[in-house]
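Working notes, beginning with the structure itself.
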Amino acid sequence: MDSKKTLKISQIPWWKTDFSDEDIDMISTSIRHGHISQGEKTKEFENKLAKVLKVPHVIATSSGSTAILMACMALEIGEGDEVIVPNRTWIATAHAPRLLGAKVRVADVLPDKPIMDTSKVRNLITKKTKAIITVPLNGRSVEMDNIFQLAKEYDLKVIEDAAQGLLSKRNGLYMGTE
């Protein structure tokens, strides 16, 4: 490149949030009624998402981290239990069971995709293993048939953290709904 020429760099809009007047009115109404985290709009959202996903219930949480923690609590994961998680994920995947006292066992991901290599999971299962948490990243699905087979064989629970796969499908079903 000629040193006298100047390279023009324009701003890349990585994130731009647009709110319509209707959105602003809904947010204002929720704030006026003291419902900034729960209330009628949250219930409406949960019901609409449940219909889209074709599941009986949806519970909106403050974050994916909270959702994973709640799932682990619902499964009574705690001290002395082991939970298998992928080695490539958000820290919350391992943090949630660890907060409850469980030991986290880490499964490698596939060499060409950032999702759990299900062929590595069997060797991590012990008598203390209670659950496997899978994470489909950016719509890339984990081989859930393999995970469900292992879960059945070893009487394990499965949590699918499909936050980054919302509305992505596998075998005609939305990820996280099997």
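Structure notes:
- Across the range 82-98, computed HN-Hα scalar couplings (Karplus, 6.51 cos²θ - 1.76 cosθ + 1.60, θ = phi - 60°) run 10, 10, 9, 10, x, 7, 10, 5, 6, 4, 4, 4, 8, 5, 4, x, 5 Hz from first to last residue, x flagging Gly and Pro.
- The chain, accessible surface, carbon-and-sulfur percent (1.4 angstrom probe): 54 percent
- Theoretical FRET efficiency, 1/(1+(r/R0)^6), r = Cβ-Cβ of D112 and R32, R0 35 Å, to 0.05: 0.10
- Estimated distance in nm for a label pair at L166 and L99, the labels positioned 7 Å out from Cα along Cα-to-Cβ: 1.9 nm
- Report note on the peptides 19-30, 80-91, 113-124, 128-139: ranked by the mean count of other C-beta atoms within 10 Å, highest first, their order is 128-139, 80-91, 113-124, 19-30.
- In this structure the range 26-76 gives 75 Å² per residue of accessible area when probed at 1.4 Å with all protein chains present.
- Taking a ≥ b ≥ c as the square roots of the eigenvalues of the Cα gyration tensor, the range 15-88 is prolate, since a/c reaches 1.5 or more and a/b is larger than b/c.
- Only one of [x] 47, 22, 16; [y] 33, 27, 16; [z] 29, 19, 16 was calculated from the structure for semi-axes √(5λ) of the Cα gyration tensor in Å, and its label is [y].
- Debye, to nearest 20: dipole size of the chain, +1 on Lys, Arg Cβ, -1 on Asp, Glu Cβ: 480 debye
- Paramagnetic reach from V55 in the range 87-131 [backbone N under 14 Å; point 7 Å along Cα→Cβ]: none
- Greater than 25 Å apart at Cα, pairs in K43/K130; K127/K157; K51/K169; K120/K157: K43/K130
- Relative contact order for the range 28-148: 20 percent, from Cα pairs under 8 Å spaced at least 6 residues apart, divided by residue count.
- Note on the chain: helix-only mean residue ellipticity at 222 nm, from DSSP H runs of 4+ residues weighted -39500 (n - 2.57) and normalised by residue number, equals -9500 deg cm²/dmol.
- Here the Karplus relation 6.51 cos²θ - 1.76 cosθ + 1.60, evaluated at θ = phi - 60°, turns the backbone of the range 155-164 into coupling constants of 6, 10, 9, 10, 10, 10, 7, 9, 4, 8 Hz, with x for every Gly and Pro.
- Since only P136, N47, T66 are under comparison, the one whose Cα sits farthest along the positive direction of the charge dipole of the chain, derived from C-beta charges on Lys, Arg, Asp and Glu, is P136.
- Förster radius 22 Å - calculated FRET efficiency between D155 and M70 (Cβ-Cβ, nearest 0.05): 0.50
- The residues of the range 101-166 present an accessible area of 54 Å² per residue when probed at 1.4 Å with all protein chains retained.
The values are calculated or read from the model by the stated rules, or taken from the named source; none is laboratory data. Only a predicted model underlies this, so the values are computations on that prediction, with no experimental measurement involved. All Cβ positions, glycine included, derive from the backbone under ideal geometry; neighbour counts span all protein chains shown. In case anyone asks, the SASA skips ligands and DNA or RNA and just uses the protein heavy atoms, side chains included. Shrake-Rupley method; radii C 1.70, N 1.55, O 1.52, S 1.80 Å.
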